[in-house]
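S.K.: For reference, the structure I am asking about is given below.
The values are calculated or read from the model by the stated rules, or taken from the named source; none is laboratory data. Here the structure is a predicted model, which means the values were calculated and not measured. Every residue, glycine as well, gets a Cβ built from its backbone with ideal geometry; the counts of neighbours run over all protein chains shown. Quick note on the areas: whole protein, heavy atoms, side chains included, nothing else; ligands and nucleic acids left out. Shrake-Rupley method; radii C 1.70, N 1.55, O 1.52, S 1.80 Å.
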Amino acid sequence: MKPLTIHAKNKEELDKFTDLLEENNFKLHSYDDNFSFLYKRAYGNWVAHLICIILAATLTAWFLFGNLVLFLYAFYRNSQYVLITTKLENDGEKLDFDEFNEIDLDRGSFS
């Protein structure tokens, strides 16, 4: 999944965006003077996982496979990655930036 790329005008704005995302349960993966990379994992709906586990315990173990499919789908489809940078170009190519309001702060672990 392609990360959302946010442009910060200077280091102070970069730090402000990074702190805001960390307050909203994003984890800081890497940080430098001109960028920070954060992520927020999604694991799926806990009710669906609980139902699959109960059905697996009472009926058949195939529901554990279904639970694994639900987990992997949510993990790879709904996890969010955000790159905040002060650069306008990367290796001579202009970067395409997303809006900060495109980040879903509520989506994440056991959403």
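S.K.: Would you mind computing, in nm to one decimal, how far apart the modelled labels at Glu93 and Ala61 are, each placed 7 Å from Cα along Cα→Cβ?
M.R.: 4.6
S.K.: Let me ask something additional. So how do Arg77, Arg41 rank on accessible area, 1.4 Å probe, biggest first, that is with the largest at the start?
M.R.: Result of the area sort, largest leading: Arg77, Arg41.
S.K.: Here is a follow-up. For the stretch 69-111, which GluC sites (Glu not before Pro) pass both filters: DSSP loop (anything but H, G, I, E, B) and at most 15 other C-beta atoms within 10 Å?
M.R.: Sites meeting the loop and neighbour criteria: Glu99.
S.K.: Continuing with the same structure: Between the stretch 54-77 and the stretch 84-106, what is the separation of their alpha carbon centroids in Å?
M.R.: Each part's Cα centre sits 35 Å from the other's.
S.K.: With no solvent and one point on each alpha carbon, what is the Debye value of log10 I(q)/I(0) for the stretch 51-111 at q = 0.30 Å⁻¹?
M.R.: These q points yield log10 I(q)/I(0) values of -1.17.
S.K.: Let me ask another. Roughly how many whole Å is it from the C-alpha centroid of the stretch 33-49 to that of the stretch 5-21?
M.R.: So the two Cα centres are separated by 18 Å.
S.K.: If contacts are Cα pairs under 8 angstrom and at least 6 residues apart, what is the relative contact order of the chain in percent?
M.R.: The normalised contact order for the chain reaches 43 percent.
S.K.: Taking the Cα centre of the chain as the origin, how large is its charge dipole in debye, to the nearest 20, when only Lys and Arg (+1) and Asp and Glu (-1) carry charge on their Cβ atoms?
M.R.: I would put it at about 620 debye.
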